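The values are calculated or read from the model by the stated rules, or taken from the named source; none is laboratory data. The shown structure was predicted, so the numbers you read here are calculated from the model rather than taken from an experiment. So basically every Cβ, Gly included, is an ideal-geometry build from the backbone, and we count neighbours across all protein chains shown. Only protein heavy atoms, including side chains, enter the accessible area calculation; ligands, DNA and RNA are left aside. Shrake-Rupley method; radii C 1.70, N 1.55, O 1.52, S 1.80 Å.
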Amino acid sequence: MARPSQQLDEVLLQSGRALFAQHGCGGLSLRMLAEHAGVNVGMFHYHFKNKDNFLTQLLQTMYEEVFAQLQAEVNHEGSPVQRLREALCLLGRLLREHGSWIGRVWADAAQGEKVARQFLEKNGARHVILITGLLMQAMQAGEIAVAQPTHALAFLMGSIAAPMVIVPRALDMGFVPAILQEPLSQVLSDAAIADRVSRALYALAATNEELHRA
């Protein structure tokens, strides 16, 4: 007869959420997880068999929660550019909330961690496809100027996503002068995200002729 779960698998996953951003794939040990969750290592093996299985489930679970929110925003009613605006604002807020573990996945993948690389291969393009689809719809509707979708996407990600990844890391590393810490942290606010989205979409609405005149 199978032993009752007592939801210990979920307890371990919650500990993984709390510890992953700091320790990553390589530094997160089974003993560390078990101690944080208050369970014995044997129960970890009972539920997940090995560390790779655990990390795969942990990262996929966290990503699906983020992706579901973004997908719901994309599917709202409204014109393409309205839905694009709201999706980009949400993306900025999601990066603010989840940027620590997302950044850790990218760092781990760059260092050759197998689970992180497999995760990015499976999921790295999913949210990009959502945003690109809205971009192309907005172009077809004449709400933004026709351009190479990849160029427009790169501009949007540089304007909206990059600050949400770079600024928290800069603040955490402690080399930002004290006088700049508060003003820089304001870059992460809802109002600042919305402002950057508005400015970026305004720029994308300009035609090539208007850009050349400017």
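Just to be sure before I move on: is Ile160 open to solvent by 60 Å² or more (accessible area, probe 1.4 Å) and β-branched (Val, Ile, Thr) in the structure I sent? I'd like the intermediate steps shown before the answer.
Numbers: open to solvent by 60 Å² or more (accessible area, probe 1.4 Å): no; β-branched (Val, Ile, Thr): yes.
No: the conditions fail for Ile160.
Looking at the range 114-132, which of its residues are farther than 30 Å from Glu77 by Cα, open to solvent by 60 Å² or more (accessible area, probe 1.4 Å) and touching a residue at least 12 places away in the same chain (Cβ under 8 Å)?
Lys114, Gln118, listed by residue number.
Let me confirm something: among Leu188, Leu180, Leu135, Leu153, which residue is free of Cβ contacts under 8 Å to residues at least 12 places away in the same chain and either touching a helix residue (DSSP H, G or I) at 6+ places or on another chain (Cβ under 9 Å) or more than 24 Å from Leu94 (Cβ to Cβ) (or both)?
Result: Leu180 is the single residue among Leu188, Leu180, Leu135, Leu153 that is free of Cβ contacts under 8 Å to residues at least 12 places away in the same chain and either touching a helix residue (DSSP H, G or I) at 6+ places or on another chain (Cβ under 9 Å) or more than 24 Å from Leu94 (Cβ to Cβ) (or both).
Within the range 4-27, identify whether any single residue is open to solvent by 50 Å² or more (accessible area, probe 1.4 Å) and among the basic types (Lys, Arg), and answer yes or no.
Yes; the residues of the range 4-27 include at least one that is open to solvent by 50 Å² or more (accessible area, probe 1.4 Å) and among the basic types (Lys, Arg).
Can you tell me which of Arg196, Arg213 is crowded, with 18+ Cβ neighbours inside 10 Å and either more than 28 Å from Gln60 (Cα to Cα) or at pLDDT 90 or above (or both)?
Arg196
With respect to Ala72, is the statement that it is open to solvent by 30 Å² or more (accessible area, probe 1.4 Å) and under 30 Å from Ala138 (Cα atoms) true?
Yes, satisfied.
Filter the range 48-62 for residues that are farther than 20 Å from Trp106 by Cβ and surrounded by fewer than 18 Cβ atoms within 10 Å (Cβ to Cβ) and give the result.
Of everything in the range 48-62, those that are farther than 20 Å from Trp106 by Cβ and surrounded by fewer than 18 Cβ atoms within 10 Å (Cβ to Cβ) turn out to be Lys49, Asn50, Asn53.
Gly92: modelled with pLDDT of 95 or more, of a type outside the set (Lys, Arg) and either part of a helix (DSSP H, G or I) or surrounded by fewer than 19 Cβ atoms within 10 Å (Cβ to Cβ) (or both), yes or no? Reasoning before the result, please.
Details: modelled with pLDDT of 95 or more: yes; of a type outside the set (Lys, Arg): yes; either part of a helix (DSSP H, G or I) or surrounded by fewer than 19 Cβ atoms within 10 Å (Cβ to Cβ) (or both): yes.
The answer is yes for Gly92.
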